Amino acid sequence: MESKDPRGDAPSEGFETQAIHGGDLDDPFRALTSPLYMTSTYTFPSVEAMGSVLSGEREGFVYSRAGNPTVGAMAALVARLEGGEAGVAFASGMGAIAAVLFYLAKSRLPLIVSRHLYTGTRHFVSEMLAPLGIPVKEVDLRSTEGNFGEFREALRAGAGGVFCETPSNPSLDIVDLSAVAALCAEWGVPLAVDNTFPSPALQNPLRQGATLVVHSATKYLGGHGDLLGGVAVGSAEVIRKIATVEAPLLGATLSPMNAWLILRGIKTLALRMEAHTLRATALARFFKEQSAVVDVRYPGLASHPGHEIALRQMKGSGGMLSVVFEGAKPALSFMNALRVIRIGVSLGDPASLAEHPATMSHRGYSARERERMGVPEGLVRLSVGLESPDDLFGDVDRALRSL
Ligand SMILES: Cc1ncc(COP(=O)(O)O)c(C=O)c1O
């Protein structure tokens, strides 16, 4: 069930205030923390009372795969923070992405996807959509491509939707959201944006003209590395469609417990994103000066090709950065020498994590394919956590000196 802000027309408030109070549910005991509705189903005093909820005559919940108050409050809060009218939650980011792509595919027109995308999204397109006969066109949407030649051509040929991610995982490429949204609007094509890396604290694609936003709430929204979750946000009309068809029928339903934890995580989102950004910015500058490092991909660095656009569309550069070594050997030696930063996939947690896409997330692709996606063999992706900056610097410095 899609959800709107439970507080109705609350006065306009700052981001942090909304993040802390915007997920509150009405509670007869006036508990400071919203109750957790850990239930699979709901009961009614009569068959007629249930009928009035099923017919939409009265608001209410029938079964938690179709709607749950705690899950709805979380989706509504993310919608509010993104500047969207409504949101719908999923059991994971991939659940949200699958629902949005299936929704867009209903047009039966080709989907346009960015070449620089999270591997799970790429796999969904190649392993789920393509075998169903849904044509997908991959284009370069990076800001550096300027005139968007292939993108304009793909739009001209007819499209049912565009899907992109900025900054992209793990190449940290930037898409100019207002330029891409303007082209989409010209052709009447909906634009969906994966906003997982920046989180709503640093970037709001709907305000730049996107139609839909998706998140892996597993990352910064949850913020503590202890759950999986996803959210899609957009207009009330579009979200109602996804929430009544794709969400309950795909069955990737978020547990109320995880929704409650995500609500808790979001309360400190702005503070955490600021601290992630501070540490990542300082580390990116440090890496830039190292002779063993051939490239540092971080939108906060003036040397990043998308820096100007990132400055325009992001409120901070975030906690993700990629460092490129001269090949896989030094990249792996660097990672193995780390002690504070742990080796692992996922991101957005208080604990810093290092990932080597060529042998981990992108191991299923050939070296040539990875190169095309902007993922060279020597690239190490770092999710810069919230440990003491001195410990992070000490760890990186020691690992670099061991090469
Ligand atoms: C950018 C991005 N989008 C989506 C996902 C998928 O999220 P989940 O693992 O919650 O399904 C991930 C996971 O790493 C991601 O990095």
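Results, tabulated for the structure shown:
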quantity: Percentage of interatomic Cα-Cα distances in the chain larger than 27 Å; calculated: 50 percent
quantity: Signed unit charges on C-beta, dipole axis of the range 270-401, positive-most listed residue 300, 344, 364; calculated: 364
quantity: Extension gain from residue 152 to residue 282, taking 0.36 nm per residue of separation minus the Cα-Cα distance; calculated: 43.0 nm
quantity: The range 38-53 versus the range 229-280: alpha-carbon centroid distance in Å; calculated: 26 Å
quantity: Nearest-0.05 FRET efficiency for residue 57 and residue 106, computed from C-beta distance (R0 22 Å); calculated: 0.20
quantity: Area projected by the alpha carbon convex hull of the range 270-401, averaged over all directions, nm²; calculated: 7.7 nm²
quantity: Nearest-ten-degree value, helix 93-105 long axis tilted from longest Cα axis of the chain; calculated: 70 degrees
quantity: Between 0 and 90°, nearest 10: helix 269-288 axis offset from the chain longest Cα axis; calculated: 10 degrees
quantity: Size of charge dipole - the chain - debye, nearest 20, with Cβ of Lys, Arg +1 and Asp, Glu -1, no other charges; calculated: 560 debye
quantity: Eligible lysines near residue 267 by straight Cα distance, threshold 19 Å, same-chain separation 8 or greater; calculated: 4, 219, 315
quantity: Cα-based shape type of the range 152-275, given that a ≥ b ≥ c are square roots of the gyration tensor eigenvalues and the cut on a/c is 1.5; calculated: oblate
quantity: Residue list for the range 28-49, given a label point 7 angstrom along the Cα-to-Cβ vector of residue 66 and an amide N cut-off under 11 Å; calculated: 42
quantity: Percent antiparallel among DSSP beta bridges (both partners in the chain, rounded to 5); calculated: 60 percent
quantity: Spatial extent of the range 23-99: Rg and Dmax, with the Cα atoms as the point set, Å; calculated: 14.2, 39
quantity: Label-to-label distance, nm, for residues given as residue 15 and residue 224 (7 Å Cα→Cβ offset); calculated: 2.2 nm
quantity: Estimated translational D of the range 231-305 in µm²/s (Stokes, Kirkwood radius over Cα pairs; 10 °C; 1.306 mPa s); calculated: 97 µm²/s
quantity: The range 270-401 - charge dipole about Cα centre, Lys and Arg +1 at Cβ, Asp and Glu -1, debye rounded to 20; calculated: 200 debye
quantity: FRET E, pair residue 368, residue 302, Förster distance 30 Å, beta-carbon r, rounded to 0.05; calculated: 0.45
quantity: Gain on full stretching of the segment that runs from residue 237 to residue 32 - 0.36 nm per residue minus C-alpha separation; calculated: 70.6 nm
quantity: Fully extended contour minus Cα-Cα distance, from residue 187 to residue 48, at 0.36 nm per residue; calculated: 45.4 nm
quantity: Pair residue 390, residue 337: separation of 7 Å Cα→Cβ label points (nm); calculated: 2.2 nm
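Every number in this text was worked out from the coordinates using simple rules, so none of it is lab data. The structure presented is a predicted model; accordingly, all values stated were derived computationally and were not measured. As a convention, Cβ positions derive from the backbone with ideal geometry for all residues, glycine included, and neighbour counts pool all protein chains shown.
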